[in-house]
Amino acid sequence: MITQISTFVRDEEGATALEYGLLAALIAAVIIGAVQTLGNVVSTTFNTIAANMTAAS
């Protein structure tokens, strides 16, 4: 029984899976933030171009 508990405590396989999960969640959050920011910048740029084209014609 003590050997099984000792083996369970020393087992790092679950911790590694948890770390990979947290890393994947962090990467996903960064990607979502970057896409939202980039989307806003692109939208503003296209709106400015459209307004300038309308004013020019």
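Do any residues in region 30-51 that are at pLDDT below 95 have Cβ atoms under 6 Å from those of residues that are part of a helix (DSSP H, G or I), where the two are at least six apart or on different chains, and which pairs are they?
So the pair list comes out empty.
Scan region 32-43 for residues that are open to solvent by less than 80 Å² (accessible area, probe 1.4 Å) and of a type outside the set (A, V, I, L, M, F, W, C) and jot them down.
Result: GLY33, GLY39, SER43.
With respect to ILE27, determine if the residue is of a type outside the set (Gly, Ala, Ser), out of contact with any Asp or Glu (no Cβ under 8 Å at 6 or more places or on another chain) and at pLDDT 95 or above. Don't jump to the end; show me each part of the working.
Numbers: of a type outside the set (Gly, Ala, Ser): yes; out of contact with any Asp or Glu (no Cβ under 8 Å at 6 or more places or on another chain): yes; at pLDDT 95 or above: yes.
Yes.
State which residue is most open to solvent (accessible area, probe 1.4 Å) when the search covers only region 8-24 and only residues that are of a type outside the set (A, V, I, L, M, F, W, C) and modelled with pLDDT of 80 or more.
TYR20
The values are calculated or read from the model by the stated rules, or taken from the named source; none is laboratory data. The shown structure was predicted, so the numbers you read here are calculated from the model rather than taken from an experiment. Using ideal geometry, Cβ is built from the backbone for each residue, glycine included, and neighbour counts are taken over all protein chains shown. Heavy atoms of the whole protein, side chains included, go into the accessibility calculation; ligands, DNA and RNA do not. Shrake-Rupley method; radii C 1.70, N 1.55, O 1.52, S 1.80 Å.
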